[in-house]
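Readers should treat all values here as calculations from the given coordinates under stated rules, not as data from a laboratory. Bear in mind the structure is a predicted one, so any value in this text is a computation, not a measurement. Please note: Cβ atoms are built from the backbone with ideal geometry, for glycine as well, and neighbour counts cover all protein chains shown.
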Amino acid sequence: MSVRADDSIPFASLTAQDQHYLHWSICRKLTFREWKRLGSFPDDYHAKTDRIGKYMIGMSVPPRMTEQVARAVVSQWLQPEATP
């Protein structure tokens, strides 16, 4: 199955399944660098091979989303309540 990116809307979730994610304006598969960007991984993230890296990104929770969840947990559960 192929999924073409659309530059006017947010990209669908990347998965580790054998799908072909296609570039929005050029008829080609997305590069590992583009996978990293779409998955909110840093540019300096390295994997043994691009294929393994794409699989790992597809299996993971995006780091920026994880950061936002962690911040919400800290602010809602771990911050002391202000007393009136």
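For this structure, a couple of remarks:
- Straight-distance candidates among the aspartates and glutamates for linking to LYS54, with alpha-carbon spacing under 19 Å and chain neighbours fewer than 8 residues away dropped: ASP18, GLU34, ASP43, ASP44.
- Highest-fluctuation residue, SER60, SER40, SER25 considered, GNM on the chain with Cα pairs under 10 Å: SER25
- Taking the C-alpha atoms only, the angle from helix 50-59 to the longest principal axis of the chain is near 40 degrees.
- Between the helical axis of 63-73 and the longest alpha-carbon principal axis of the chain there is an angle of about 20 degrees.
- Each of ASP6, ASP43 has some number of other Cβ atoms within 10 Å of its Cβ, and from fewest to most they run ASP43, ASP6.
- By the count of other C-beta atoms within 10 Å, a proxy for reagent exposure, GLU67, GLU34 are ordered fewest to most as GLU67, GLU34.
- Net lengthening on full extension, VAL73/ASP6 (0.36 nm per residue, minus Cα-Cα): 20.8 nm
- Relative to the current alpha-carbon distance between TYR45 and GLN19, full extension at 0.36 nm per residue lengthens the span by 7.2 nm.
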